[in-house]
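Let me begin by presenting the structure, written as structure tokens, before commenting on it.
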Amino acid sequence: MWAAPEMDRHPDFDKTKVALTPRRHETWNGFLYVNLDGRAVPLADRLAAVTPRLAAYQLDRWVTARSIDCGEYPWDWKVMQDNGECYHHLGLHTETFEVDYPGRWSETFENDGDFTLLWSPSRPERQTIGADCQRYVPGLAFLPQPGLDERQRTCFQLLYVLPNFFIYLQPDLVMNMRVFPVAAGRIRLIADMVVRPESRAMPDFAERLERVVAFFHRFNEEDVVANAAIQRNLALADAVGGPLSHLEHHNRHVALWVVRRLTGAA
């Protein structure tokens with residue numbers, strides 16, 4: 001253990017008593033989770049139901065190609081979660097996601113625990129034919145993970161680990177969204193572009209990465225407008241809730257998750 005130079009001559013210096021405070025942590029699918037208060041139940045147990053669904057991607061091998069610090073935004077983490085289904089492709093992302101991933105086609109595998117997993121199938125006429133003659137998501141940017149089934153090749157997934165971590169996952173790319181609550185009505189967002197290590201050897205990798213980053217900024221700005229407006233409207237004295245669409249399973253799950261933790265209800 002490192003210690004301050006010459007402090008071994010101080011009679012009251014005990015490096016075990018002035019060391020950094022240990023923090024509980026776990027690695028899950030290559031992502032490092034840290035528990036600051038030490039009271040959380042093991043993460044792997046909470047995600048046991050979803051872990052097999054991601055095994056084929058071998059995400060613990062993937063590497064971060066670019067991290068984008070988006071800075072602070074004027075909304076709560078809960079507002080961002082409520083913008084997390086694919087239903088809003090129909091109105092908010094008509095020129096981006098809806099072109100390739102119709103909001104009406106989205107599916108949700110929902111668990112009563114600490115996560116939701118959403119699938120967004122792509123339009124067949126927009127899909128990419130890979131070097132292996134298999135169909136993949138539209139606009140495949142990098143080398144796809146081998147061994148995926150048809151659904152994994154032609155859909156993107158959204159995995160939400162509540163309350164504030166989620167990843168966008170497709171055969172060749174992960175967008176890892178780290179959401180940090182800053183204050184009431186304010187969060188900070190950092191987005192990581194994660195790829196298979198083999199993709200970095202592609203001769204035009206840098207150009208491909210820039211196109212992915214540009215697409216991220218494009219759809220993120222569309223979400224910024226909506227999230228900021230929702231946060232403002234929630235602050236109005238006459239703000240009221242509304243019914244959820246049958247495509248908003250994720251929103252319902254998040255709302256119930258929050259209620260259970262605030263009230264202790266089963």
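The values are calculated or read from the model by the stated rules, or taken from the named source; none is laboratory data. As the structure is a computational prediction, the values presented were derived from the model and not from experiment. Ideal geometry is used to build each Cβ from the backbone, glycine not excepted, and the neighbour counts take in all protein chains shown.
Yes or no, residue by residue, for (1) among the β-branched types (Val, Ile, Thr); (2) within 15 Å of the chain's Cα centre (by Cα):
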{"site": "Leu20", "(1), (2)": "no, no"}
{"site": "Val34", "(1), (2)": "yes, no"}
{"site": "Leu43", "(1), (2)": "no, no"}
{"site": "Tyr57", "(1), (2)": "no, no"}
{"site": "Arg61", "(1), (2)": "no, no"}
{"site": "Asn83", "(1), (2)": "no, yes"}
{"site": "His93", "(1), (2)": "no, no"}
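Checked against (1) surrounded by fewer than 19 Cβ atoms within 10 Å (Cβ to Cβ); (2) within 16 Å of Tyr101 (Cβ to Cβ), Asp238 passes all but a single condition, namely (2). Restrict the check to segment 225-237 and report whether at least one residue is modelled with pLDDT of 90 or more, closer than 16 Å to Cys86 by Cα and either over 24 Å from the mean Cα position of the chain (by Cα) or not polar (S, T, N, Q) (or both). Looking for residues that are modelled with pLDDT of 90 or more, closer than 16 Å to Cys86 by Cα and either over 24 Å from the mean Cα position of the chain (by Cα) or not polar (S, T, N, Q) (or both), one finds at least one in segment 225-237, hence yes. Got at least one residue in segment 102-122 being in contact (Cβ under 8 Å) with a residue 60 or more places away in the chain, farther than 29 Å from Ala44 by Cα and of a type outside the set (A, V, I, L, M, F, W, C)? Yes, because at least one residue in segment 102-122 is in contact (Cβ under 8 Å) with a residue 60 or more places away in the chain, farther than 29 Å from Ala44 by Cα and of a type outside the set (A, V, I, L, M, F, W, C). When restricted to residues that are under 21 Å from Phe165 (Cβ atoms) and without any contact (Cβ under 8 Å) to a residue 40 or more places away in the chain, segment 179-206 contains 2. Cβ-Cβ distances below 8 Å connect the following pairs, each with a first residue in segment 126-137 that is within 14 Å of Gln152 (Cα to Cα) and touching a residue at least 12 places away in the same chain (Cβ under 8 Å), a second residue that is surrounded by 16 or more Cβ atoms within 10 Å (Cβ to Cβ) and hydrophobic (A, V, I, L, M, F, W, C), and a separation of six or more residues or different chains: Gln127/Val137; Thr128/Val137; Thr128/Leu140; Gly130/Leu140; Val137/Cys155; Val137/Phe156. Within segment 85-108, can you find the residues that are within 18 Å of Arg218 (Cβ to Cβ), part of a loop (DSSP other than H, G, I, E, B) and in contact with a strand residue (DSSP E or B) (Cβ under 8 Å, 6 or more places away or on another chain)? Across segment 85-108, the qualifying residues are Cys86, Tyr101. Selection of segment 207-266 for residues being assigned to a helix (DSSP H, G or I), acidic (Asp, Glu) and in contact (Cβ under 8 Å) with a residue 40 or more places away in the chain yields Glu222, Asp223. If you check Thr116 against the conditions, is it of a type outside the set (D, E, K, R), more than 18 Å from Ala55 (Cα to Cα), assigned to a strand (DSSP E or B) and touching a His at 6+ places or on another chain (Cβ under 7 Å)? No; evaluated as a whole, the condition is false for this residue. Any residue that is over 24 Å from Leu47 (Cβ atoms) and either among the aromatic types (Phe, Trp, Tyr) or surrounded by 15 or more Cβ atoms within 10 Å (Cβ to Cβ) (or both) - is there at least one of those in segment 162-180? There is no residue in segment 162-180 that is over 24 Å from Leu47 (Cβ atoms) and either among the aromatic types (Phe, Trp, Tyr) or surrounded by 15 or more Cβ atoms within 10 Å (Cβ to Cβ) (or both). Is there a residue being modelled with pLDDT of 90 or more and acidic (Asp, Glu) anywhere in segment 14-36? Taking every residue of segment 14-36 in turn, at least one turns out to be modelled with pLDDT of 90 or more and acidic (Asp, Glu). Here is the figure for segment 107-129: residues that are at pLDDT 95 or above and of a type in the set (Gly, Ala, Ser) total 2.
This table checks each residue for (1) among the β-branched types (Val, Ile, Thr); (2) under 23 Å from Ala56 (Cβ atoms); (3) in contact with a Phe, Trp or Tyr (Cβ under 8 Å, 6 or more places away or on another chain).
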{"position": "Gln157", "(1), (2), (3)": "no, yes, yes"}
{"position": "Pro171", "(1), (2), (3)": "no, yes, yes"}
{"position": "Phe180", "(1), (2), (3)": "no, no, no"}
{"position": "Ile187", "(1), (2), (3)": "yes, no, yes"}
{"position": "Ala191", "(1), (2), (3)": "no, no, yes"}
{"position": "Ile230", "(1), (2), (3)": "yes, no, yes"}
{"position": "Ala235", "(1), (2), (3)": "no, no, no"}
{"position": "Leu256", "(1), (2), (3)": "no, no, no"}
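Every test in (1) surrounded by fewer than 17 Cβ atoms within 10 Å (Cβ to Cβ); (2) over 19 Å from Leu189 (Cα atoms) is passed by Ala214 save one, and that test is (2). Remark: Ala226 falls outside the filter, which requires a residue to be surrounded by fewer than 20 Cβ atoms within 10 Å (Cβ to Cβ), of a type in the set (Gly, Ala, Ser) and farther than 27 Å from Glu107 by Cβ.
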